[in-house]
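Participant: One structure, pasted below without further comment.
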Amino acid sequence: MNARNLLLLLASVILALLLWELRWVMLVLFGAVVLAVALDVPVSWLRRLIRPLNRPTALLIVLALLAVGGLRLADLLVPELVDQVQQLTQLVPALIARISQLLGGVAMLNSLEEQLMAFATWDKLQPLGMQLLGFAGGAANGTIQLLLLVLLALLLVLDPRSHQGLVLALTPARHRPLVRVLLGECRQALGGWLAGMTISAITVFLLTWAGLFLLHVPLALLSALVCGLLTFIPTIGPTLATLLPLAVALLLSPTLALQVLVLRLVLQNIEAFLVTPILLSRTVNLLPTVALMSQLCLGVLLGLPGVLLALPLVVVLQVLCQRVLVEQVMDRWT
(Lines give C-alpha, C1' and ligand atoms only; values in the text may rest on other atoms or scores of the structure.)
Protein backbone atom coordinates (compact mmCIF):
# COMPACT_ATOMS: atom_id res chain seq x y z
CA MET A 1 0.00 0.00 0.00
CA ASN A 2 1.53 3.30 -1.11
CA ALA A 3 1.38 6.58 0.79
CA ARG A 4 -1.56 7.90 -1.25
CA ASN A 5 -3.77 4.90 -0.52
CA LEU A 6 -2.77 4.95 3.13
CA LEU A 7 -3.67 8.64 3.39
CA LEU A 8 -7.00 7.99 1.64
CA LEU A 9 -7.79 5.14 4.05
CA LEU A 10 -6.92 7.28 7.07
CA ALA A 11 -9.09 10.13 5.79
CA SER A 12 -11.99 7.69 5.26
CA VAL A 13 -11.69 6.37 8.82
CA ILE A 14 -11.58 9.90 10.25
CA LEU A 15 -14.61 10.91 8.14
CA ALA A 16 -16.54 7.83 9.31
CA LEU A 17 -15.78 8.62 12.97
CA LEU A 18 -16.78 12.25 12.46
CA LEU A 19 -20.09 11.23 10.86
CA TRP A 20 -20.77 8.86 13.75
CA GLU A 21 -20.18 11.64 16.27
CA LEU A 22 -22.53 13.86 14.24
CA ARG A 23 -25.10 11.08 13.69
CA TRP A 24 -27.94 13.06 15.27
CA VAL A 25 -27.18 16.06 13.08
CA MET A 26 -27.16 13.79 10.02
CA LEU A 27 -30.42 12.20 11.19
CA VAL A 28 -32.07 15.62 11.47
CA LEU A 29 -30.71 16.56 8.05
CA PHE A 30 -32.02 13.39 6.43
CA GLY A 31 -35.40 13.86 8.14
CA ALA A 32 -35.48 17.38 6.70
CA VAL A 33 -34.76 15.98 3.24
CA VAL A 34 -37.64 13.48 3.60
CA LEU A 35 -40.02 16.23 4.70
CA ALA A 36 -38.76 18.53 1.93
CA VAL A 37 -39.48 15.85 -0.68
CA ALA A 38 -42.96 15.34 0.81
CA LEU A 39 -43.65 19.09 0.46
CA ASP A 40 -41.97 19.36 -2.94
CA VAL A 41 -44.39 16.86 -4.51
CA PRO A 42 -47.51 19.09 -4.14
CA VAL A 43 -45.44 22.25 -4.75
CA SER A 44 -44.16 20.92 -8.09
CA TRP A 45 -47.64 19.70 -9.06
CA LEU A 46 -49.13 23.11 -8.25
CA ARG A 47 -46.48 24.92 -10.29
CA ARG A 48 -47.22 22.70 -13.28
CA LEU A 49 -50.95 23.31 -12.86
CA ILE A 50 -50.73 27.10 -12.47
CA ARG A 51 -48.23 28.85 -14.74
CA PRO A 52 -46.35 31.05 -14.02
CA LEU A 53 -46.14 30.47 -10.26
CA ASN A 54 -42.92 30.91 -8.33
CA ARG A 55 -41.81 28.38 -5.73
CA PRO A 56 -42.28 30.51 -2.55
CA THR A 57 -45.87 31.31 -3.51
CA ALA A 58 -46.60 27.66 -4.32
CA LEU A 59 -45.10 26.58 -0.99
CA LEU A 60 -47.18 29.18 0.85
CA ILE A 61 -50.36 27.91 -0.84
CA VAL A 62 -49.52 24.29 0.02
CA LEU A 63 -48.82 25.16 3.67
CA ALA A 64 -52.06 27.16 3.86
CA LEU A 65 -54.06 24.27 2.40
CA LEU A 66 -52.42 21.84 4.84
CA ALA A 67 -53.19 24.16 7.76
CA VAL A 68 -56.83 24.63 6.76
CA GLY A 69 -57.28 20.92 6.07
CA GLY A 70 -55.58 19.98 9.34
CA LEU A 71 -57.75 22.37 11.36
CA ARG A 72 -60.90 21.12 9.64
CA LEU A 73 -59.93 17.52 10.25
CA ALA A 74 -59.06 18.34 13.87
CA ASP A 75 -62.51 19.87 14.39
CA LEU A 76 -64.09 16.65 13.15
CA LEU A 77 -61.87 14.07 14.86
CA VAL A 78 -60.12 15.59 17.89
CA PRO A 79 -63.18 15.82 20.23
CA GLU A 80 -64.02 12.17 19.64
CA LEU A 81 -60.34 11.18 19.93
CA VAL A 82 -60.00 12.98 23.28
CA ASP A 83 -63.12 11.24 24.54
CA GLN A 84 -61.81 7.87 23.40
CA VAL A 85 -58.41 8.46 25.02
CA GLN A 86 -60.18 9.17 28.30
CA GLN A 87 -62.18 5.98 27.87
CA LEU A 88 -58.94 4.09 27.21
CA THR A 89 -57.41 5.28 30.51
CA GLN A 90 -60.52 4.05 32.30
CA LEU A 91 -60.40 0.69 30.51
CA VAL A 92 -56.77 -0.11 31.39
CA PRO A 93 -57.51 -1.49 34.91
CA ALA A 94 -60.38 -3.54 33.53
CA LEU A 95 -58.12 -4.84 30.78
CA ILE A 96 -55.47 -5.94 33.30
CA ALA A 97 -58.14 -7.70 35.35
CA ARG A 98 -59.55 -9.35 32.23
CA ILE A 99 -56.17 -10.65 31.10
CA SER A 100 -55.46 -11.86 34.63
CA GLN A 101 -58.77 -13.70 34.64
CA LEU A 102 -58.11 -15.34 31.27
CA LEU A 103 -54.61 -16.39 32.34
CA GLY A 104 -55.91 -17.95 35.52
CA GLY A 105 -54.66 -15.31 37.94
CA VAL A 106 -51.03 -14.65 37.11
CA ALA A 107 -49.18 -13.52 40.21
CA MET A 108 -47.48 -10.64 38.42
CA LEU A 109 -50.79 -9.16 37.33
CA ASN A 110 -52.50 -9.74 40.65
CA SER A 111 -49.70 -8.05 42.59
CA LEU A 112 -49.36 -5.13 40.17
CA GLU A 113 -51.11 -2.71 42.50
CA GLU A 114 -48.95 -3.78 45.46
CA GLN A 115 -45.81 -3.28 43.38
CA LEU A 116 -46.93 0.21 42.39
CA MET A 117 -47.68 1.09 46.01
CA ALA A 118 -44.24 -0.16 47.03
CA PHE A 119 -42.70 2.55 44.86
CA ALA A 120 -44.77 5.27 46.54
CA THR A 121 -42.06 6.05 49.09
CA TRP A 122 -39.70 9.03 49.17
CA ASP A 123 -36.62 6.88 48.63
CA LYS A 124 -38.17 5.39 45.51
CA LEU A 125 -39.84 8.56 44.23
CA GLN A 126 -36.70 10.72 44.39
CA PRO A 127 -34.77 8.84 41.67
CA LEU A 128 -38.03 8.61 39.73
CA GLY A 129 -38.26 12.40 39.87
CA MET A 130 -34.74 12.69 38.49
CA GLN A 131 -35.71 10.34 35.66
CA LEU A 132 -38.76 12.47 34.91
CA LEU A 133 -36.57 15.58 34.77
CA GLY A 134 -34.27 13.77 32.37
CA PHE A 135 -37.27 12.76 30.28
CA ALA A 136 -38.50 16.36 30.22
CA GLY A 137 -35.05 17.51 29.09
CA GLY A 138 -35.03 14.87 26.36
CA ALA A 139 -38.50 15.95 25.24
CA ALA A 140 -37.37 19.58 25.04
CA ASN A 141 -34.30 18.55 23.06
CA GLY A 142 -36.47 16.49 20.72
CA THR A 143 -38.81 19.45 20.22
CA ILE A 144 -35.89 21.70 19.29
CA GLN A 145 -34.59 19.09 16.85
CA LEU A 146 -38.05 18.80 15.32
CA LEU A 147 -38.29 22.56 14.84
CA LEU A 148 -34.84 22.61 13.22
CA LEU A 149 -35.92 19.74 10.98
CA VAL A 150 -39.00 21.67 9.81
CA LEU A 151 -36.97 24.85 9.24
CA LEU A 152 -34.35 22.97 7.21
CA ALA A 153 -37.09 21.29 5.17
CA LEU A 154 -38.69 24.64 4.31
CA LEU A 155 -35.32 26.07 3.26
CA LEU A 156 -34.67 23.04 1.06
CA VAL A 157 -38.07 23.32 -0.63
CA LEU A 158 -37.64 27.04 -1.26
CA ASP A 159 -34.42 26.61 -3.25
CA PRO A 160 -33.67 22.99 -4.19
CA ARG A 161 -31.50 23.90 -7.20
CA SER A 162 -28.95 25.78 -5.10
CA HIS A 163 -28.61 22.88 -2.68
CA GLN A 164 -28.29 20.46 -5.60
CA GLY A 165 -25.62 22.71 -7.06
CA LEU A 166 -23.77 22.64 -3.74
CA VAL A 167 -23.68 18.83 -3.81
CA LEU A 168 -22.47 18.87 -7.43
CA ALA A 169 -19.79 21.45 -6.62
CA LEU A 170 -18.35 19.07 -3.99
CA THR A 171 -18.20 16.26 -6.57
CA PRO A 172 -15.28 15.71 -8.98
CA ALA A 173 -16.10 17.03 -12.44
CA ARG A 174 -16.03 13.62 -14.18
CA HIS A 175 -18.61 12.20 -11.72
CA ARG A 176 -21.05 15.12 -11.82
CA PRO A 177 -23.32 13.71 -14.56
CA LEU A 178 -23.74 10.50 -12.56
CA VAL A 179 -24.38 12.40 -9.30
CA ARG A 180 -26.97 14.59 -11.05
CA VAL A 181 -28.79 11.47 -12.23
CA LEU A 182 -28.53 9.93 -8.76
CA LEU A 183 -30.04 13.00 -7.10
CA GLY A 184 -32.98 12.96 -9.51
CA GLU A 185 -33.63 9.24 -9.10
CA CYS A 186 -33.33 9.39 -5.31
CA ARG A 187 -35.81 12.25 -5.21
CA GLN A 188 -38.21 10.37 -7.50
CA ALA A 189 -37.96 7.13 -5.50
CA LEU A 190 -38.39 8.92 -2.17
CA GLY A 191 -41.33 10.95 -3.43
CA GLY A 192 -42.98 7.84 -4.87
CA TRP A 193 -42.47 5.95 -1.62
CA LEU A 194 -43.95 8.78 0.46
CA ALA A 195 -46.97 9.17 -1.81
CA GLY A 196 -47.59 5.43 -1.93
CA MET A 197 -47.27 4.94 1.83
CA THR A 198 -49.54 7.95 2.52
CA ILE A 199 -52.30 6.54 0.32
CA SER A 200 -51.78 3.11 1.87
CA ALA A 201 -52.01 4.53 5.41
CA ILE A 202 -55.21 6.43 4.60
CA THR A 203 -56.70 3.25 3.09
CA VAL A 204 -55.82 1.21 6.20
CA PHE A 205 -57.25 3.92 8.47
CA LEU A 206 -60.59 4.08 6.64
CA LEU A 207 -61.00 0.31 6.26
CA THR A 208 -60.05 -0.34 9.90
CA TRP A 209 -62.41 2.36 11.13
CA ALA A 210 -65.26 0.96 9.04
CA GLY A 211 -64.57 -2.63 10.10
CA LEU A 212 -64.32 -1.84 13.82
CA PHE A 213 -67.44 0.33 13.61
CA LEU A 214 -69.42 -2.48 11.99
CA LEU A 215 -68.20 -4.89 14.68
CA HIS A 216 -69.27 -2.37 17.38
CA VAL A 217 -65.78 -2.30 18.92
CA PRO A 218 -65.20 0.60 21.36
CA LEU A 219 -62.51 3.18 20.57
CA ALA A 220 -62.84 2.43 16.85
CA LEU A 221 -61.56 5.84 15.71
CA LEU A 222 -58.54 5.82 18.02
CA SER A 223 -57.62 2.26 17.05
CA ALA A 224 -57.99 3.02 13.34
CA LEU A 225 -55.82 6.14 13.63
CA VAL A 226 -53.07 4.16 15.38
CA CYS A 227 -53.27 1.46 12.69
CA GLY A 228 -53.04 4.04 9.91
CA LEU A 229 -50.06 5.87 11.41
CA LEU A 230 -48.12 2.68 12.12
CA THR A 231 -48.52 1.64 8.48
CA PHE A 232 -45.46 3.85 7.82
CA ILE A 233 -43.44 1.29 9.81
CA PRO A 234 -43.94 -1.90 7.77
CA THR A 235 -43.81 -5.36 9.39
CA ILE A 236 -43.42 -4.06 12.95
CA GLY A 237 -45.99 -1.26 12.87
CA PRO A 238 -49.14 -3.16 11.77
CA THR A 239 -48.45 -5.91 14.30
CA LEU A 240 -48.14 -3.43 17.17
CA ALA A 241 -51.21 -1.52 15.94
CA THR A 242 -53.35 -4.66 16.21
CA LEU A 243 -52.77 -4.88 19.97
CA LEU A 244 -54.97 -1.87 20.82
CA PRO A 245 -58.25 -2.93 19.10
CA LEU A 246 -57.58 -6.55 20.07
CA ALA A 247 -57.20 -5.64 23.75
CA VAL A 248 -60.34 -3.46 23.73
CA ALA A 249 -62.36 -6.21 22.04
CA LEU A 250 -61.09 -8.71 24.59
CA LEU A 251 -62.85 -6.73 27.32
CA LEU A 252 -66.20 -7.52 25.71
CA SER A 253 -65.76 -11.13 24.60
CA PRO A 254 -63.15 -13.54 23.22
CA THR A 255 -65.36 -14.01 20.15
CA LEU A 256 -65.21 -10.29 19.34
CA ALA A 257 -61.44 -10.34 19.89
CA LEU A 258 -61.16 -13.19 17.40
CA GLN A 259 -63.24 -11.22 14.87
CA VAL A 260 -61.00 -8.18 15.31
CA LEU A 261 -57.90 -10.34 14.86
CA VAL A 262 -59.30 -11.80 11.62
CA LEU A 263 -60.22 -8.29 10.41
CA ARG A 264 -56.72 -6.97 11.06
CA LEU A 265 -55.07 -9.99 9.42
CA VAL A 266 -57.21 -9.53 6.30
CA LEU A 267 -56.48 -5.80 6.12
CA GLN A 268 -52.76 -6.32 6.73
CA ASN A 269 -52.55 -8.82 3.88
CA ILE A 270 -54.54 -6.56 1.56
CA GLU A 271 -52.23 -3.67 2.39
CA ALA A 272 -49.01 -5.68 2.20
CA PHE A 273 -49.72 -7.78 -0.89
CA LEU A 274 -52.16 -5.68 -2.92
CA VAL A 275 -52.35 -1.95 -2.09
CA THR A 276 -48.70 -1.17 -1.33
CA PRO A 277 -47.17 -3.24 -4.21
CA ILE A 278 -49.52 -1.58 -6.71
CA LEU A 279 -48.75 1.91 -5.40
CA LEU A 280 -44.98 1.35 -5.26
CA SER A 281 -44.55 -0.84 -8.35
CA ARG A 282 -43.19 2.04 -10.48
CA THR A 283 -41.02 3.70 -7.85
CA VAL A 284 -39.44 1.30 -5.37
CA ASN A 285 -39.67 -2.37 -4.49
CA LEU A 286 -38.29 -3.22 -1.05
CA LEU A 287 -37.90 -6.80 0.12
CA PRO A 288 -39.59 -7.39 3.51
CA THR A 289 -36.36 -8.86 4.91
CA VAL A 290 -34.39 -5.75 3.91
CA ALA A 291 -37.05 -3.47 5.42
CA LEU A 292 -37.15 -5.43 8.69
CA MET A 293 -33.36 -5.67 9.06
CA SER A 294 -32.94 -1.94 8.39
CA GLN A 295 -35.51 -1.12 11.07
CA LEU A 296 -33.86 -3.42 13.59
CA CYS A 297 -30.34 -2.11 12.89
CA LEU A 298 -31.22 1.59 12.96
CA GLY A 299 -33.48 1.01 15.94
CA VAL A 300 -30.57 -0.43 17.90
CA LEU A 301 -28.20 2.36 16.79
CA LEU A 302 -30.49 5.39 16.93
CA GLY A 303 -33.64 4.37 18.79
CA LEU A 304 -37.15 5.37 17.68
CA PRO A 305 -36.00 8.08 15.18
CA GLY A 306 -33.89 5.43 13.46
CA VAL A 307 -36.91 3.13 13.14
CA LEU A 308 -39.02 5.94 11.67
CA LEU A 309 -36.40 6.95 9.09
CA ALA A 310 -35.15 3.44 8.29
CA LEU A 311 -37.42 2.87 5.28
CA PRO A 312 -36.80 6.20 3.47
CA LEU A 313 -33.06 5.74 4.08
CA VAL A 314 -33.19 2.25 2.55
CA VAL A 315 -35.14 3.64 -0.42
CA VAL A 316 -32.28 6.08 -1.09
CA LEU A 317 -29.56 3.50 -0.45
CA GLN A 318 -31.23 1.08 -2.85
CA VAL A 319 -30.98 3.61 -5.68
CA LEU A 320 -27.36 4.40 -4.80
CA CYS A 321 -26.38 0.73 -4.61
CA GLN A 322 -28.03 -0.05 -7.93
CA ARG A 323 -26.42 2.85 -9.79
CA VAL A 324 -23.00 2.87 -8.10
CA LEU A 325 -22.20 -0.49 -6.54
CA VAL A 326 -23.95 -2.74 -9.08
CA GLU A 327 -23.61 -0.83 -12.37
CA GLN A 328 -20.30 0.98 -11.78
CA VAL A 329 -18.43 -1.71 -9.79
CA MET A 330 -19.91 -5.20 -9.92
CA ASP A 331 -21.03 -5.18 -13.56
CA ARG A 332 -17.54 -4.00 -14.65
CA TRP A 333 -15.63 -6.37 -12.41
CA THR A 334 -13.69 -8.83 -14.56
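Participant: Before we move on, is LEU59 assigned to a helix (DSSP H, G or I) and at pLDDT 90 or above?
Facilitator: On the way: assigned to a helix (DSSP H, G or I): yes; at pLDDT 90 or above: yes.
Yes; evaluated as a whole, the condition is true for this residue.
Participant: Do we have ARG55 as of a type in the set (D, E, K, R), within 20 Å of LEU152 (Cα to Cα), surrounded by 16 or more Cβ atoms within 10 Å (Cβ to Cβ) and touching a Leu at 6+ places or on another chain (Cβ under 8 Å) here? Full working, then the answer.
Facilitator: Details: of a type in the set (D, E, K, R): yes; within 20 Å of LEU152 (Cα to Cα): yes; surrounded by 16 or more Cβ atoms within 10 Å (Cβ to Cβ): yes; touching a Leu at 6+ places or on another chain (Cβ under 8 Å): yes.
When the stated conditions are applied, ARG55 passes them.
Participant: Right, here's the next one. Given the criterion aromatic (Phe, Trp, Tyr), in the same structural domain as LEU263 (by TED's automatic domain parsing) and modelled with pLDDT of 90 or more, identify the matching residue among PHE213, PHE232.
Facilitator: Values: PHE232 fails: modelled with pLDDT of 90 or more.
The unique qualifying residue is PHE213.
Participant: Sticking with this one: Contact list please: Cβ distance under 9 Å, first residue in the range 145-160 and in the same structural domain as LEU27 (by TED's automatic domain parsing), second residue among the aromatic types (Phe, Trp, Tyr), pairs at least six apart or on different chains.
Facilitator: Qualifying pairs under 9 Å: GLN145/TRP24.
Participant: With (1) over 19 Å from PRO277 (Cα atoms); (2) of a type outside the set (Lys, Arg); (3) part of a helix (DSSP H, G or I) as the list, and LEU190 as the residue in question, which single condition is left unmet?
Facilitator: (1)
Participant: When the residues of the range 236-266 are filtered to those that are closer than 30 Å to VAL314 by Cα and surrounded by fewer than 17 Cβ atoms within 10 Å (Cβ to Cβ), which remaining residue is modelled with the lowest pLDDT?
Facilitator: ILE236
Participant: What pairs come out if I take residues in the range 249-266 that are within 19 Å of LEU88 (Cβ to Cβ) and pair them with residues that are among the charged types (D, E, K, R) and part of a helix (DSSP H, G or I) whose C-beta lies under 9 Å away, six or more apart or interchain?
Facilitator: Partner pairs satisfying both residue conditions: LEU250/ARG98; LEU251/ARG98.
The values are calculated or read from the model by the stated rules, or taken from the named source; none is laboratory data. Bear in mind that the values here come from a model prediction, so they are computed numbers and not experimental data. With ideal geometry, Cβ positions are generated from the backbone for all residues, glycine too; neighbour counts draw on all protein chains shown.
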